[in-house]
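The values are calculated or read from the model by the stated rules, or taken from the named source; none is laboratory data. A quick note: this is a predicted structure, and the numbers were derived from the prediction, not measured. All Cβ positions, even for glycine, are placed from backbone atoms using ideal geometry, and neighbour counts span all protein chains on display. Just so you know, the surface numbers come from the protein's heavy atoms only, side chains and all, with ligands and any DNA or RNA stripped out. Shrake-Rupley method; radii C 1.70, N 1.55, O 1.52, S 1.80 Å.
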Amino acid sequence: MKKIVWIFALISFISCKKEGVSTVNNGTEIWFKNAAGVNLLNSTEINAIRSADIDIFLLQNGAKVRVNRPMMDLNESFRITPTSQGDLMTLYFDIMPESMQQNRVTMFIRYQDGSEDKLIGEFNSDRSSAVYLEKVWVNDVLKWSPSPGKGSALVEIIK
């Protein structure tokens, strides 16, 4: 009987082999503010930025491609959520292999007036078990890299 229990335990242990990526951290939080520091995602503000005013593009194989995934919860790779400090946008970098260029993903936020902001997310090089954001650039200026006390990837864009 002991042999059967040991064989069953061994088979269970072998079958629990971990495969694929177990952790994914591909999002950056964005505050949109004007020069006076007013949160432009607050819908009561003049010139507020609304979800409908934003299009997300991805640099894929050298071409800008509009992000549109109608079958996903976040079909445009972002969401705007209320927080105690005001509304905040979370942009999720596309981490598919065809979007990665030297561990970096380039995405663009295009606004209703036609202007754009370019965001580059740099990811860890070994993505076999975990994918995590290491740095974020906005319009080619490094805006976030992890350091003690910095927390999650939070950047500010002044419009």
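Key figures for this structure:
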quantity	calculated
Strands (runs of 3 or more DSSP E) fully within the range 1-120 counting 1 or more residues that are closer than 20 Å to Lys143 by Cα and either modelled with pLDDT under 90 or open to solvent by less than 100 Å² (accessible area, probe 1.4 Å) (or both)	23-25, 27-33, 54-60, 78-83, 86-92, 104-111
Leading residue by the ranking (nearest to Lys64 (Cα to Cα)) among those in the range 121-154 that are at pLDDT 95 or above and of a type in the set (A, V, I, L, M)	Val138
Boolean, Ser152 is farther than 20 Å from Ser77 by Cα and either within 13 Å of the chain's Cα centre (by Cα) or not in a strand (DSSP E or B) (or both)	no
Contacts under 7 angstrom Cβ, first residue in the range 134-147 being of a type outside the set (A, V, I, L, M), partner open to solvent by less than 50 Å² (accessible area, probe 1.4 Å) and in a loop (DSSP other than H, G, I, E, B), 6 or more apart	Glu134/Asn124; Glu134/Ser145; Lys135/Ser145; Trp144/Ala153
Residues of the range 121-139 satisfying the condition of being in contact with a strand residue (DSSP E or B) (Cβ under 7 Å, 6 or more places away or on another chain) and part of a loop (DSSP other than H, G, I, E, B)	Asn124, Asn139
Positions within the range 140-149 being outside any loop (DSSP other than H, G, I, E, B) and open to solvent by 80 Å² or more (accessible area, probe 1.4 Å), in sequence order	Leu142, Lys143
